[in-house]
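For reference, the structure is listed below as structure tokens.
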Amino acid sequence: MLDLRSIRLIFPLVLLGAAACASDSRVAHLPARDVERVATTPSSAVASTSFASFVAQQGDTGARRATPKPRVLTEAEQNVADGIAFAPSRMERFLVASRNKRLLLDIGRVDLESKLDASRLALVRRVAERVGPLAHVTHVRVRGTWGEEVDSIVRYDVWNGRAVAVLAPSPRADSLLRKNTPLVGVATRMLVPADTTSVQTPPPATGVCVRDSVPAELPARVAVVRDSLVRWVTDSLKPPYALSAKLTVRGDTASGCFGPWRAVVVVTTRTSAFDWTDERSLLVAPDGKAVTARVRDLRLRTHESLVAFDADADGIDELAARGFAPRMGAQSVLKLDPATRRFSRFASGFAWESR
């Protein structure tokens with residue numbers, strides 16, 4: 001008779017046998033698989049394949065073959081292009097101004113050493129049309145002191161050492177140009193030609209001022225503020241003694257929509273050679289209260305001939321002015337930050353230099 005120890009040894013053996021039988025039964029019920037024979041190439045045949053044919057099949061990923069670009073400019077045009085400093089190709093805002101009864105858009109500076117005769121002028125026009133910042137643009141949207149419009153680029157030209165694009169103005173702008181009215185604006189590029197007969201102006205934002213609703217007493221108040229600031233600048237801002245007899249003090253004003261303010265006053269004092277300059281500005285509210293402001297225009301130190309207009313359709317006017325610096329000047333458009341009461345450069349162009 002089996003003892004208890006023998007029973008303990010037999011029981012695991014029985015379990016292992018049952019498990020083996022179950023696995024055999026599962027294997028027996030599985031369907032037979034169709035085995036496909038795959039033809040393999042002997043290693044000797046692979047070795048005989050040339051390395052060149054293998055690279056041709058796989059492609060040489062290590063070699064970089066630069067695609068030859070078509071030559072855009074001829075040798076004569078390239079020589080002219082080397083003497084033109086165009087505006088950056090990614091520049092979005094360009095200054096527009098009226099010159100000699102034409103509406104011109106500044107795109108760069110012409111620094112050619114030789115005289116600009118008829119043949120070289122034709123080369124400059126072709127270079128500006130092919131590789132200028134507006135080479136692939138046919139229409140621009142212009143917001144100026146006379147309104148907003150979409151103009152087409154007629155041709156390219158040179159004006160007072162500047163490479164310019166000649167625009168086809170609207171009938172309203174053309175009538176002002178015939179009267180030699182000074183016009184200033186800012187143009188933005190349009191990649192898709194638009195309908196030039198009608199311009200969709202965004203609806204005015206709520207709370208913005210109306211330019212025709214200037215209080216009757218505000219112009220007189222602005223004149224008083226300007227005269228007071230001119231007297232203060234004349235009495236308080238003194239250059240070195242050797243230059244004190246050569247000072248020029250000028251005050252300019254412009255009315256518009258500058259956030260909560262309706263006018264700006266700019267007073268400048270300078271020497272004839274711009275050895276010493278200073279500029280102070282004030283913003284005047286509709287109730288006549290004046291607050292200080294700042295004008296920062298990079299190299300341009302003083303500003304005059306102020307005109308206010310909305311150059312970006314945000315409801316706050318920008319300030320167009322002629323800026324001056326030692327032996328140079330430019331037409332500039334300044335944008336106001338109402339939070340800091342600071343005017344900074346928004347667009348600039350038509351610069352000139354005296355040597």
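L183 is checked against (1) modelled with pLDDT of 95 or more; (2) more than 25 Å from the chain's Cα centre (by Cα) and fails just one. What number does that condition carry?
Here L183 clears every test but (2).
If only one of A308, A293, A330 is surrounded by 20 or more Cβ atoms within 10 Å (Cβ to Cβ) and under 17 Å from D106 (Cβ atoms), which one is it?
The match here is A330.
Working only within region 210-269, note down all residues that are of a type in the set (S, T, N, Q) and in a helix (DSSP H, G or I).
S228, T234, S236, S244
Collect the residues in region 270-293 that are part of a strand (DSSP E or B) and either at pLDDT below 95 or in contact with a Ser or Thr (Cβ under 7 Å, 6 or more places away or on another chain) (or both), keeping them in residue-number order.
Looking only at region 270-293, we keep the residues that are part of a strand (DSSP E or B), and these are 270-271, 277-284, 290-293.
Scanning region 270-293 gives R270, T271, T277, D278, E279, L282, A293.
Those residues that are assigned to a strand (DSSP E or B) and out of contact with any Leu (no Cβ under 9 Å at 6 or more places or on another chain), I need them from region 141-166; list them, please.
Answer for region 141-166, where residues must be assigned to a strand (DSSP E or B) and out of contact with any Leu (no Cβ under 9 Å at 6 or more places or on another chain): R141, R143, G147, E148, E149, V150, R155, A163.
From the residues in region 208-237 that are modelled with pLDDT under 85 and either touching a helix residue (DSSP H, G or I) at 6+ places or on another chain (Cβ under 8 Å) or not small (G, A, S) (or both), which one is nearest to G256 (Cα to Cα)?
By that ranking, first place goes to R211.
Any idea how many residues of region 104-125 are hydroxyl-bearing (S, T, Y) and either assigned to a loop (DSSP other than H, G, I, E, B) or under 18 Å from E353 (Cβ atoms) (or both)?
Residues that pass the stated criteria total 1.
Every residue in region 310-343 that is part of a strand (DSSP E or B) and over 19 Å from the mean Cα position of the chain (by Cα), please.
A321, R322, G323, F324, A325, M328, G329, R342
The values are calculated or read from the model by the stated rules, or taken from the named source; none is laboratory data. If you're wondering where the values come from, they're calculated on a predicted model, not measured in any experiment. Don't worry about glycine lacking a Cβ; one is built from the backbone with ideal geometry, like all the others, and counts go over all protein chains shown.
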